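Q: Got a structure here, written out as structure tokens. Questions coming.
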Amino acid sequence: MNLKEFTYDLPRALIAATPATDRASARLMVVDRKSGAIRHSDFASLGDFLRAGDTLALNDTRVFPARLRGRKESGGEAELLLIEPFPAWPNLWIALVNAAKSPKASSRIFLSPEIYAEIIGDMGRGRYGIMFHHHGDFQNFKDVLEKWGEPPIPPYIERARPAGALDWERYQTVYARSTGAVAAPTAGFHFTLDLLARLQSSGVVTAFLTLHVGPGTFQPVREEKIENHRMEGEWYALDGAAAEKIRRAKALGHRVIAVGSTSTRALESIAERKGAVEADEGIARLFIRPGFSFRVIDGLVTNFHLPGSTPLVLAAAFAGVDLMRRAYEEAIRAEYRFYSYGDAMLIL
């Protein structure tokens, strides 16, 4: 398919630069794949559209303060977005570097007089090997992150305002527990502990998995033919108890509803790799696009995504391209809030 099928014009005023006052107060668009009907509700009323026995698959990854700002030896500004550490070397990381000029090997970026990042080498695609050096009161690199790291809010939000105290809480789901993501699974932002408790009391089951969201999830598709796009790998894990909940739901004819594209890709990756939903961990590289045969999910909770993004392509694969286009047109007409801090969609 051509990339232009997944582009649209969005009024800038509809881009949410700040989260809703209350998580569950976000609006909810409900899209019926069979009838094509579109309804308007609010996220606090999610339970009105679920049934006892439905299983919500939620990604419990936790975002760490992955953005660091510093200055090069020349005095120019530089920004680091940490991606992942080298396990045997806690101070050695893979990072994206944003600076006026590409850094050279052995050059240094100073975060403070006590901390600097040494460029070890260019790994391609904007990625560098970075060795952090610190002294003084810092016992380990976790201390450095806690002192100097910032929530890695998306660039379009950062252009509107700097990261603030509210982002430390809200650029995170309430059930986040497994640290390792550099971007949040934003479909889960709308859940509160109270809402989860009410859903569970009504018979809705929750199953947690982990997929550490990396920058690849939000990299736009740049290939004219979307089939030529390649997803970057992201680590996932599903334990035996969660896998059993999902298998049981399918066996009893209940629905499995993925919260977000990351949960979807983890579950469908496992089913494609192993033939069934089983305990597993590995690297997900699955690019879900129209024509994909879904084996696991029966519903999807998602946000309103960037044009030409892989989460938008995934949502269109699940709902149908024409229905998804109509839903986005309706969302713009009804002035829904878009992107990470925006409103939600439930596709059934």
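The values are calculated or read from the model by the stated rules, or taken from the named source; none is laboratory data. A quick note: this is a predicted structure, and the numbers were derived from the prediction, not measured. We place every Cβ from the backbone using ideal geometry, glycine too, and count neighbours over all the protein chains shown. What goes into the accessible areas is simple: the full protein's heavy atoms, side chains included, and nothing from ligands, DNA or RNA. Shrake-Rupley method; radii C 1.70, N 1.55, O 1.52, S 1.80 Å.
Q: Which of Ala327, Ala165, Ala24 moves the most in a Gaussian network model of the chain with Cα springs under 10 Å?
A: Maximum among the listed residues: Ala165.
Q: Still on this structure: Residue by residue through region 204-219, which ³J(HN,Hα) values in whole Hz follow from phi under the Karplus form 6.51 cos²θ - 1.76 cosθ + 1.60 (θ = phi - 60°), with glycine and proline marked x?
A: For region 204-219, the Karplus-derived couplings read 6, 9, 10, 10, 9, 10, 10, 9, 6, 5, x, x, x, 4, 10, 6 Hz, x marking Gly and Pro.
Q: Please list, or write none, the aspartates and glutamates whose alpha carbon is within less than 17 Å of the alpha carbon of Lys274, excluding same-chain residues fewer than 8 places away.
A: Qualifying aspartates and glutamates at Cα under 17 Å: Asp239, Glu244.
Q: Using modelled amide H (1.01 Å from N, peptide plane; none on Pro or chain starts), what sits under 5 Å from the amide H of Val256, excluding residues fewer than 5 places away?
A: Thr55, Asp298, Gly299
Q: Just going by the charge dipole of region 1-123, with Lys and Arg at +1 and Asp and Glu at -1 on Cβ, which of Ser74, Ala95, Leu58 is farthest out on the positive end?
A: Positive-end residue among those listed: Ser74.
Q: Measuring with a 1.4 Å probe in the full set of protein chains, what accessible area per residue, in whole Å², belongs to region 200-348? Please report the intermediate quantities before stating the final value.
A: On the way: 5750 Å² over 149 residues.
Per-residue accessible area for region 200-348 comes out at 39 Å².
Q: Can you show me the helix-derived [θ] at 222 nm for the chain, built from DSSP H runs with n ≥ 4 at -39,500 (n - 2.57) apiece and divided by the number of residues, rounded to the nearest 500.
A: Working: 8 runs with 78 residues, N = 348.
The helix-only estimate for the chain comes to -6500 deg cm²/dmol at 222 nm.
Q: Let me ask something else. Short version: ³J(HN,Hα) in whole Hz for each residue of region 242-257, in order, from phi by Karplus 6.51 cos²θ - 1.76 cosθ + 1.60 (θ = phi - 60°), x for Gly and Pro, what are they?
A: Residue by residue, region 242-257 yields 5, 4, 5, 4, 6, 4, 5, 4, 5, 5, 8, x, 8, 8, 9, 10 Hz.
Q: Here's something else I'd like to know. Using the heavy atoms of the protein chains and a 1.4 angstrom probe, tell me the accessible area per residue for region 30-96 in square angstrom.
A: Working: 3150 Å² over 67 residues.
Here the per-residue accessible area is 47 Å².
Q: Do you know the relative contact order of the chain, to the nearest whole percent, from alpha carbon pairs under 8 angstrom that are 6+ apart? Mind dumping the intermediate values first?
A: On the way: 732 pairs, mean separation 85.1, N = 348.
About 24 percent, as a whole number.
Q: Once you list every other residue whose beta carbon is under 10 Å from the beta carbon of Phe208, what net charge do they have if Lys and Arg are +1 and Asp and Glu are -1?
A: Values: positive: Arg177, Lys245; negative: Asp60, Asp239.
Net of charged neighbours comes to 0.
Q: Then there's this: List the residues, sorted by chain then number, that are 5 or more residues from Met123 or on another chain and whose placed amide H is less than 5 Å from its amide H.
A: Here Tyr128, Gly129 satisfy the definition.
Q: Sticking with this one: Please compute the contact order of region 157-217 in relative form: average sequence separation of alpha-carbon pairs under 8 Å and at least six residues apart, divided by the residue count, as a percent. Walk me through the numbers on the way to the answer.
A: On the way: 39 pairs, mean separation 21.9, N = 61.
Relative contact order for region 157-217 comes out at 36 percent.
Q: Further, regarding this structure: Of Arg325, Arg12, Arg39, which has the largest mean-square fluctuation in a 10 Å C-alpha GNM of the chain?
A: Arg12
Q: Please name whichever of Ala249, Phe191, Ser261 sits farthest to the positive end of the charge dipole of region 185-272, dipole taken about the Cα centre and charges placed at Cβ: Lys and Arg +1, Asp and Glu -1.
A: Value: Ala249.
Q: Can you give the accessible area of Trp148, probe radius 1.4 Å, in Å² rounded to 10?
A: Solvent-accessible area, nearest 10 Å²: 90 Å².
Q: To continue, here is another question. What lysines does Lys104 reach when the alpha-carbon gap must be under 30 Å and sequence neighbours fewer than 8 apart in one chain are set aside?
A: List returned: Lys72, Lys142, Lys147.
Q: Here's a follow-up. Would you kindly derive the ³J(HN,Hα) couplings of region 278-283 from the backbone phi angles with the Karplus curve 6.51 cos²θ - 1.76 cosθ + 1.60 (θ = phi - 60°), listing them in order in whole Hz, with x for Gly and Pro?
A: Running phi through 6.51 cos²θ - 1.76 cosθ + 1.60 with θ = phi - 60° gives 10, 4, 6, 8, x, 10 Hz.
Q: Over the chain, with a Gaussian network built from C-alpha contacts below 10 Å, which listed residue (Arg159, Arg177, Arg27) shows the highest mean-square fluctuation?
A: Arg159
Q: List the aspartates and glutamates whose Cα sits under 18 Å from the Cα of Lys245, skipping any in the same chain fewer than 8 residues away.
A: Output for Lys245: Asp54, Asp60, Glu268, Glu278, Asp280, Glu281, Asp298.
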